[in-house]
1. Given the conditions (1) exposed (fewer than 15 other Cβ atoms within 10 Å of the Cβ); (2) closer than 24 Å to residue 370 by Cβ; (3) in contact (Cβ under 8 Å) with a residue 12 or more places away in the chain, which single one is not true for residue 73?
2. Being closer than 30 Å to residue 215 by Cβ and in contact with a strand residue (DSSP E or B) (Cβ under 8 Å, 6 or more places away or on another chain) narrows it down to one of 529, 549, so name that one.
3. Among the residues of segment 472-491, how many are buried (at least 17 other Cβ atoms within 10 Å of the Cβ) and either in a helix (DSSP H, G or I) or touching a helix residue (DSSP H, G or I) at 6+ places or on another chain (Cβ under 7 Å) (or both)?
4. Find the residue count for segment 82-98, including only residues that are closer than 18 Å to residue 436 by Cα and either in a helix (DSSP H, G or I) or touching a residue at least 40 places away in the same chain (Cβ under 8 Å) (or both).
5. Of all residues in segment 428-444, which are in contact with a strand residue (DSSP E or B) (Cβ under 8 Å, 6 or more places away or on another chain) and free of Cβ contacts under 8 Å to residues at least 24 places away in the same chain?
6. Taking residue 235 as the residue in question, decide whether it is in the same structural domain as residue 288 (by TED's automatic domain parsing), under 19 Å from residue 299 (Cβ atoms) and crowded, with 24+ Cβ neighbours inside 10 Å.
7. Checking the structure you have, find out if any residue of segment 449-470 is in contact with a helix residue (DSSP H, G or I) (Cβ under 8 Å, 6 or more places away or on another chain), at pLDDT below 85 and either outside any loop (DSSP other than H, G, I, E, B) or exposed (fewer than 14 other Cβ atoms within 10 Å of the Cβ) (or both).
8. Here are 630, 645: which of them is surrounded by 19 or more Cβ atoms within 10 Å (Cβ to Cβ), touching a residue at least 24 places away in the same chain (Cβ under 8 Å) and over 15 Å from the mean Cα position of the chain (by Cα)?
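The values are calculated or read from the model by the stated rules, or taken from the named source; none is laboratory data. A quick note: this is a predicted structure, and the numbers were derived from the prediction, not measured. Using ideal geometry, Cβ is built from the backbone for each residue, glycine included, and neighbour counts are taken over all protein chains shown.
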């Protein structure tokens with residue numbers, strides 16, 4: 001008790017020293033083309049690519065120029081690009097190329113492209129908001145990062161404030177003591193705090209991990225505490241000495257807790273094999289959390305319970321939920337329709353989930369937020385725009401001029417900014433001051449900036465990236481392209497490869513655990529088919545609703561749902577196996593449903609509540625997406641375990657008996 005309390009107190013303080021990373025780009029592999037290009041540009045050029053747009057309404061050309069100076073003067077703003085960088089604003093704008101002018105100034109509103117230094121997003125965007133006021137707008141990658149940073153801590157607190165009372169209510173309904181739920185929450189809560197504190201040894205975690213991991217750990221591992229204390233309660237009725245009752249409870253519940261923790265452990269471990277670092281970041285935290293929860297339940301919870309078990313005795317109450325008798329008999333009436341329905345839907349669901357359209361970035365901010373409303377206002381006035389920078393070897397101005405002309409003719413390219421079309425290919429760069437040429441030329445490379453009319457991702461954006469690369473490679477062997485859309489293009493390619501690896505590893509790892517647990521070939525197949533079907537049904541919903549899904553959420557949930565909800569199947573099948581040694585299959589399955597449906601429902605309702613509350617409280621599309629999928633997935637897994645798994649266990653009873661080591665199934669007469 002003392003050891004755990006001391007570690008928890010240290011961890012509470014230590015968690016504040018763990019830094020949180022809000023930049024998804026940092027989790028791409030170092031050899032990703034966009035990361036290589038980004039590193040090269042930082043080395044070759046001082047001025048980075050724009051990551052935000054600021055729109056100021058009701059200003060003249062002169063007033064807009066003054067605003068540009070004010071923006072540039074804000075600490076943390078490393079560059080500001082506007083109309084005066086591509087033409088002489090002293091000449092009448094009516095005489096200039098109107099497409100160029102309208103990219104920066106139209107209807108007395110000015111649009112500035114700026115770069116905000118990484119790490120300063122919150123401070124800089126706040127200063128820009130103060131400068132431009134409510135009537136003007138700012139949007140972009142840096143603004144999304146700042147919004148996520150501001151909301152993460154506040155939203156995690158809101159989620160916890162909603163979630164803890166709901167979990168307590170669910171647990172009170174499932175126990176016969178007012179105090180027992182506090183013991184569950186204390187044991188798992190301590191392990192969550194220790195997990196957060198031990199992140200100090202990692203040094204940094206992603207904001208996705210910060211938002212999702214603690215709540216997910218709590219929801220997934222509460223079952224361990226429930227298994228142990230329910231077992232302790234049963235032995236208290238048989239043994240007078242509480243210590244002996246606890247020893248027997250640990251002995252009886254240890255295999256179930258170990259099997260449950262193992263499937264979740266190996267499922268989460270699969271995430272660490274992702275090339276995209278966000279999976280490894282979240283996977284490591286969840287694996288650590290499961291281990292700590294397991295230790296806490298086996299070591300800390302028994303000590304806590306034996307010190308304060310009299311509190312449980314003093315706060316006993318009658319069951320608040322009436323027991324439902326013979327529910328197994330009613331459920332088994334639907335066994336054939338349930339199986340037929342699942343077998344009819346499983347192929348369409350599998351095909352649909354593989355055809356879902358995905359978002360690879362954070363997605364759009366809701367228009368109810370300032371960031372979302374500003375992004376919509378800028379897009380309405382100026383359309384979509386995502387800048388890209390192309391680096392090619394310098395030294396051949398004629399080739400450069402040809403390339404720029406080709407790029408200008410590409411669809412969805414609104415303008416190209418380079419030395420040859422902004423200054424002139426007729427003027428040698430050596431004749432001009434460095435301040436004029438440094439944004440275009442470094443010692444080794446030429447930088448060409450493209451303003452595009454696409455969003456940061458999607459078919460048009462990704463197709464344009466391929467067109468730009470193909471065009472550049474017809475002129476140069478050494479080309480590098482970077483920008484938000486290029487990063488998301490790389491993210492798409494990497495996470496699609498990760499998907500196959502992670503799902504395969506998850507299924508193999510859980511299958512091995514189930515094989516060892518049940519000493520059977522057929523039971524792991526039945527359990528995996530049941531839970532994997534629930535995963536496919538869950539992930540097919542966005543396709544049928546014609547909505548896009550954040551890919552990181554899809555990738556994580558396809559592993560998390562399988563790892564977290566297979567426990568329901570384990571609990572159900574273990575009970576059925578034991579009863580099957582004493583009675584015929586149909587009697588055993590009915591009694592299993594009667595005995596375990598409530599326990600599985602409690603577990604599923606906790607996990608589902610966690611998911612839906614995350615979805616409701618988070619304005620971050622990734623976290624919200626994970627929450628919605630988790631909430632829906634837990635309910636689907638419950639339905640599959642209660643209606644489909646029993647039908648499969650009964651129908652394949654003879655196959656299970658023959659493929660299970662020492663099955664010892666009941667051979668007497670009976671239905």
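1. Unmet condition: (3).
2. 549
3. Taking segment 472-491 first, the residues buried (at least 17 other Cβ atoms within 10 Å of the Cβ) are 472, 476, 479-491.
With either in a helix (DSSP H, G or I) or touching a helix residue (DSSP H, G or I) at 6+ places or on another chain (Cβ under 7 Å) (or both) added as a condition, the list becomes 472, 479-482, 484-491.
Of the residues in segment 472-491, 13 are buried (at least 17 other Cβ atoms within 10 Å of the Cβ) and either in a helix (DSSP H, G or I) or touching a helix residue (DSSP H, G or I) at 6+ places or on another chain (Cβ under 7 Å) (or both).
4. Adding up the residues that qualify gives 4.
5. Taking segment 428-444 first, the residues in contact with a strand residue (DSSP E or B) (Cβ under 8 Å, 6 or more places away or on another chain) are 429, 439-441, 444.
Passing the criteria: 429, 440.
6. Numbers: in the same structural domain as residue 288 (by TED's automatic domain parsing): yes; under 19 Å from residue 299 (Cβ atoms): yes; crowded, with 24+ Cβ neighbours inside 10 Å: no.
No, not satisfied.
7. No, there is no match, as no residue in segment 449-470 is in contact with a helix residue (DSSP H, G or I) (Cβ under 8 Å, 6 or more places away or on another chain), at pLDDT below 85 and either outside any loop (DSSP other than H, G, I, E, B) or exposed (fewer than 14 other Cβ atoms within 10 Å of the Cβ) (or both).
8. On the way: 630 fails: over 15 Å from the mean Cα position of the chain (by Cα).
When all the criteria are applied, what remains is 645.
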